[in-house]
Amino acid sequence: MGSILRRLAVCRPNLSNLQSAQSTHLLFVQLNAFRTITKLSSAKKDELQRSFLVNYLISSCGVPPDRALSIAVTYGDKLRVTARRKPDWILEFLRNRGFTTAHIARVVSDCPKIFRYEDPEKTLSPKVEFFYSIGFTKQDLVNFLCRNPTLWTRSLKHHLIPLHSMIKGVLQYDDKVVLCLKRASLGLRYVGTSFLGPNIALLREIGVPQSVVAFFLRALPNDLMMQHAKFCAIVYEAKKLGFNVCKLKFVMAVHALGYGFRDTRVNCRKIYKEWGSSDDDIALAFQKYPYCLIVSEEKLTKTLDLLVNRMGRQVGDILKSPSILGHGLERRIIPRCVVIQLLLEKRLIARNWKLSCALKSTDGYFIKRYINKYRHIAPELLSVYMSSKPRPSEMEKAHLT
């Protein structure tokens, strides 16, 4: 399960379900601020640029001038930053907790409302101590709050503690909660946390076992924080396609069917068909490995070109073992194909070599089966393989010694 979790959490071929909507929201906010600025008279713009707030944001907080002007337009007097009320106490509070100048600039840029807090030791410090209490290290928390600066403004009693309790109720242990929160940056940054409870309840209602719910929350917390109506539609679509809610593959299907991947799925289908695949072949491959339809178009095209044109395989062979596409092209597929190609040239293996065995097996098995086995006949295999890889992992070094 650990390897599957890492692949789900790390090997995401494109934007997550929330990224598309949230990027659109952020762009909308920025465009509105830009339009407001462009409509200002020259005199008003000059007045804002010379204002104490803009100067303070630039000189004391390190905020870029354009963003400082945008904050002044959007918030203005609401931040109550004046020559008489310089919120240096906020900056000092952040510095004392390990925030560098760059960190502070990011926090203030993304969450200028932090200046509204008169006494950070009473209002902000309890939130910091809460995160420490559940297992965040000092540096982890700095990075986490820079990625999620709006959490500074969330209520400890009514938001942060209930959120922690909800996640811990599923994952049981604080170390897993911390990992989940780190991966949930997109959902935490916006309103996704309000949908977490209803979405988890839906999974339980349709019979998803606790172990799979926990796996879902650990691996893809942002997906569980999407709008409830959208989440329901995707979950029921996955069920309609025949995915078993008791299997981890159901989680992969829900992720792959997300709205953020709509264009990617269309383009992947188009590419497969251009290479000679049928709708039935693609549908079967999706059942085996849902991520085969959300691979980046560039990677998919390069992989098909390598395996079909250079290695002489059929697209059907690839779609019979579609999880091959989840592996790294540069780190795994290309180096192994270089070795296979050399073995074919020397006629040491058959032309119908097993694709899944060569590309899906562990590093240790591949080295033993395709390199060490022939090292007396083809001693150059090792150097060819190593020179084709970006860097050898510690595990690979151990197998090669």
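The values are calculated or read from the model by the stated rules, or taken from the named source; none is laboratory data. From a predicted model like this one, the values you see are computed outputs, not experimental measurements. Quick reminder, even Gly has a Cβ in these numbers, built from the backbone with ideal geometry, and neighbours come from all protein chains shown. What goes into the accessible areas is simple: the full protein's heavy atoms, side chains included, and nothing from ligands, DNA or RNA. Shrake-Rupley method; radii C 1.70, N 1.55, O 1.52, S 1.80 Å.
Summary table
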quantity: Label-point gap, in nm, between Lys240 and Arg310 - each point 7 angstrom along Cα→Cβ; calculated: 4.1 nm
quantity: List Trp275, Trp353, ordered by accessible area with a 1.4 Å probe, largest first; calculated: Trp275, Trp353
quantity: Full-extension gain in nm, Ile161 to Tyr132, via 0.36 nm per residue minus C-alpha separation; calculated: 9.2 nm
quantity: Two-site FRET efficiency, Ser356 against Arg85, from Cβ-Cβ distance with R₀ of 56 Å, rounded to 0.05; calculated: 0.25
quantity: Length released on extending from Ser60 to Lys270, taking residue separation times 0.36 nm less the Cα-Cα span; calculated: 70.4 nm
quantity: Ratio of the Cα radius of gyration of the range 250-401 to 2.2 N^0.38 Å, where N counts its residues; calculated: 1.11
quantity: Estimated inter-spin distance, Phe52 and Leu344, nm [label 7 Å along Cα→Cβ]; calculated: 7.4 nm
quantity: Ser194 paired with His327, simple spin-label distance in nm, labels 7 Å along Cα-to-beta-carbon; calculated: 4.6 nm
quantity: Of Lys230/Lys273; Lys182/Lys230; Lys168/Lys288; Lys138/Lys230; Lys157/Lys182, those spanning more than 27 Å from alpha-carbon to alpha-carbon; calculated: Lys230/Lys273; Lys168/Lys288; Lys138/Lys230
quantity: Label point at Glu118 placed 7 Å out along Cα→Cβ; residues across the range 66-100 whose backbone nitrogen lies under 19 Å; calculated: 77-93
quantity: Sites Glu298 and Glu380, calculated FRET efficiency, Cβ-Cβ separation with R0 35 Å, nearest 0.05; calculated: 0.70
quantity: Pairwise FRET efficiency - Asp174 versus Asp77, Cβ, R0 = 35 Å, nearest 0.05; calculated: 0.25
quantity: Solvent-accessible surface (1.4 angstrom probe) belonging to Lys346, in square angstrom, nearest 10; calculated: 90 Å²
